[in-house]
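To keep things clear, I will list the structure first and then write my remarks on it.
The values are calculated or read from the model by the stated rules, or taken from the named source; none is laboratory data. Since the structure is predicted, the reported quantities are computational estimates derived from the model, not experimental observations. Every residue, glycine among them, receives a Cβ derived from its backbone with ideal geometry; neighbour counts consider all protein chains shown.
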Amino acid sequence: MDVAVVERIPLFEGLENEQLQRIADWLEPIDVPPGWFLLNQGSYPEGFFVVLEGEVTVERDGAEIARLGPGEFFGEIALLEDDRRTATVTTATRVKAAVMDGADFFEMCAEIPEISSRITTAAMRRSGH
């Protein structure tokens, strides 16, 4: 993934160029049409997602609980809690996103504690802790 794209993502603001390059290496771009299921509630975690363009809907038990747009991320709760997905995420529009697999997610969190802290804070807020 292009470092210029990564440095514009709010989650990664203020990082050094070397850190941004590492994150760019871990992220893979995807481009998906509207109506595509990115995560299914109850499934095992596989990745961490950052929305670059477009919008996704987040549903829990069939009810919409959030809409996420450019710069927002999802998929972190199940990875951090080593548990099944807590929500279903579907593309509401055509979506360009960046995806990181679970192993790279944990490597990023270990190498860049500042990002780990930002993600953990967001996860706690979302899961109601």
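Condition check: surrounded by 17 or more Cβ atoms within 10 Å (Cβ to Cβ) and touching a residue at least 24 places away in the same chain (Cβ under 8 Å). Does T93 satisfy that? Criteria not met by T93. Taking the listed residues A92, A98, the one that is within 18 Å of V5 (Cα to Cα) and at pLDDT 95 or above is A98, with no other qualifying. Taking each residue of the range 53-64 that is on the phi > 0 side of the Ramachandran plot and looking for partners that are at pLDDT 95 or above with beta-carbon atoms closer than 7 Å, six or more apart or interchain, yields G54/T91; G54/T93; G54/R94; G54/V95; G54/K96.
Scanning the range 25-38 for residues that are on the phi < 0 side of the Ramachandran plot, in contact with a strand residue (DSSP E or B) (Cβ under 9 Å, 6 or more places away or on another chain) and outside any strand (DSSP E or B) gives W26, L27, P33, P34, W36. In the range 39-129, counting only helices (runs of 4 or more DSSP H) that sit wholly within it, the ones holding 3 or more residues that are closer than 19 Å to F12 by Cα and in contact with a Phe, Trp or Tyr (Cβ under 8 Å, 6 or more places away or on another chain) span 102-111, 113-127.
Considering (1) loosely packed, with under 13 Cβ neighbours inside 10 Å; (2) within 15 Å of S116 (Cα to Cα); (3) touching a residue at least 60 places away in the same chain (Cβ under 8 Å); (4) not β-branched (V, I, T), the lone condition that P33 does not fulfil carries the number (2). Scanning the range 17-48 for residues that are among the hydrophobic types (A, V, I, L, M, F, W, C) and more than 15 Å from T93 (Cβ to Cβ) yields L20, I23, A24, W26, L27, L39, F48.
Looking at A110, A98, A103, A78, just one residue is more than 17 Å from F37 (Cβ to Cβ), under 12 Å from the mean Cα position of the chain (by Cα) and not polar (S, T, N, Q), and that residue is A98.
The single condition among (1) assigned to a strand (DSSP E or B); (2) surrounded by 13 or more Cβ atoms within 10 Å (Cβ to Cβ) that L20 does not meet is (1).
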